[in-house]
Amino acid sequence: MDVSVDTQGPFTIVALTGDVDLQHSPQARQQILHQVRSGANVLVDLSAVNYIDSSGVASLVEGFQVAREQGNHFGLTGVSDTAMQVLHLARLDQVFDIRDSVSAWLEER
């Protein structure tokens, strides 16, 4: 798994690539929480995620909870079909704010 961070407009985008599994989710969690705790409005880009397990989902949930506690925005963008299936099964597609692309987020701002 690879993690990259970019800024577009008011958002810090944390892009995850590859498998977000038990082996790699600590790296994803660390970067997501670092950005959230720095006060950023975070979007997690899941467009290049091939696989995500419960540990990866837990990293997303923790980021969402910390952002909410701090009054910051947290959302998902470009969720791959594979990741969306997992979010849907856990009914988290009803919890997370999800858009198809970063540009869709920017249009709302």
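Each reported figure results from applying straightforward, stated rules to the coordinates on display, with no laboratory input. Model, not experiment: these values are computed from the prediction.
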> Out of the DSSP beta bridges found with both residues in the chain, what percent are antiparallel (nearest 5)?
Replying inline: 30
> By how many nm would the segment from residue 65 to residue 34 grow when fully extended, if each residue of separation counts as 0.36 nm and the alpha-carbon distance is taken off?
Replying inline: 9.8 nm
> Between residue 101 and residue 81, 0.36 nm times their residue separation minus their Cα-Cα distance comes to what?
Replying inline: 5.8 nm
>> Checking the a/c ratio against 1.5 first, then a/b against b/c, what shape does the Cα gyration tensor give for the chain?
In response: rounded
> Mind listing the phi-derived Karplus ³J(HN,Hα) values for segment 66-82, rounded to whole Hz, using 6.51, -1.76 and 1.60 with θ = phi - 60°, and x for any glycine or proline?
Replying inline: 5, 4, 5, 4, 8, x, 9, 8, 9, x, 10, 9, x, 5, 5, 4, 4
